[in-house]
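So the structure is just underneath, and the comments pick up after that.
Only the coordinates and a few stated rules stand behind these numbers; no lab work does. Here the structure is a predicted model, which is why all the values come from computation and not from measurement. Positions of Cβ are backbone-derived with ideal geometry, glycine not excepted, and every protein chain shown enters the neighbour counts.
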Amino acid sequence: MHCRRQDLDPRLYWLVEHLDAAIEAGEQLMSLSLEVTEPTPQMGPRRLRTRVARFIHFVTQVRGLEASLIAHILQARRRVAELPRGRGPLRLLLDPFTSGTTVLLDAVAEYGDPAGFAFNTGADRLAYLRARGLIAGDSGALMPVTTFEIGETFLVAGRIELGPLLDLVGAFLQALNTEFGLWNDPPEEVVPDNAAEMEEAVSLGDQIASVRALLVGNRPPSLPMTPGFESGTKPGSLAEALAALRAERTPAE
């Protein structure tokens, strides 16, 4: 989303870019889904390996988009902290966003402890899905037939639901747009009042071109004949008047 304003604090532009990128990452995350089918005796080793590879790829995609979403929100928090809070309306916009996303700081602090992370679950994919609410908390294995869909109840960093988080970011972005007019759409083009006159002028030009072809006795191939000349000119038109004048000057056979 391109910001039209060019006279604001540069840190505000960075804030808007990170918020917009966070929303995009969240929308891509919600578009992911995976259907795991039950293995059958007819499945060969290749199909079984493909089944496992699809599951691994899905979890990797979810992790990557979640990390992108968290990173952009944390960067937006950093830009918010850099902005001056002297203005009352600006403070009312910044404080709800910072307070609503504080929970993500605790999650990042835990990820910054590799020993504790490895001791708890490590990179186990089932533990990751349990923490995000995609499978039951007591599940030790995947069900034979499972459909994974990332919805609004997906727990970002295992703490905050995706839907309310995106609503918070979107509301903050819209509030900034209302306050500063960041990307207001340009006014729509107004159709001029003389549109009918312009159409009449074009029609008159076609009539003159057709009459010229009629007077010279032949018509160039590149010049289209105005409709009506082959079956008779339009009554009251310029073409009819000139055709009548030519008929008077041409001696009858």
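Okay, here's what the table says:
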| quantity | calculated |
| --- | --- |
| Dipole-positive endmost among 71, 97, 168 within segment 10-180 (Cβ charges, Cα centre) | 71 |
| Only Lys, Arg (+1) and Asp, Glu (-1) charged, at Cβ; segment 10-180 dipole about Cα centre in debye | 420 |
| Length released on extending from residue 143 to residue 81, taking residue separation times 0.36 nm less the Cα-Cα span | 17.8 nm |
| Segment 10-180: C-alpha gyration tensor shape, a/c 1.5 cut-off, then a/b vs b/c | prolate |
